[in-house]
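Chemist: First, the structure itself, so that you have it in front of you.
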């Protein structure tokens, strides 16, 4: 009846990052930090967990002599998000109707 929830996405900050990336496809670290109201250290740890799971790609580069980190959602990340959302629906409608 109830579907398992992905433990990678079942974290408030990681879910927020994936949700933002679903809508914008890619975003700079500073944008994600601002939108999630997270600390840089915590966001960095959660981004690494998403990257290790293959849900996002992280590109580190320089822009105007400053380091820039860009996060992009992967096809695996999009699929994982869709599965997660469908699993949540099983909790909202346990009768399946």
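Chemist: Residues in region 30-83 that are in contact (Cβ under 8 Å) with a residue 60 or more places away in the chain and either crowded, with 17+ Cβ neighbours inside 10 Å or more than 30 Å from residue 3 (Cα to Cα) (or both): how many?
Modeler: Total meeting the criteria: 2.
Chemist: Output the residue which, of all residues in region 5-23 that are surrounded by 14 or more Cβ atoms within 10 Å (Cβ to Cβ) and over 10 Å from the mean Cα position of the chain (by Cα), is farthest from residue 72 (Cα to Cα).
Modeler: 5
Chemist: From 56, 18, 73, 47, grab the single residue that is modelled with pLDDT of 95 or more and under 28 Å from residue 94 (Cβ atoms).
Modeler: Answer to the selection: 18.
The values are calculated or read from the model by the stated rules, or taken from the named source; none is laboratory data. Given the structure is predicted, the values throughout are model-derived calculations rather than measurements. Note that we place each Cβ from the backbone using ideal geometry, even for glycine, and neighbour counts take in every protein chain shown.
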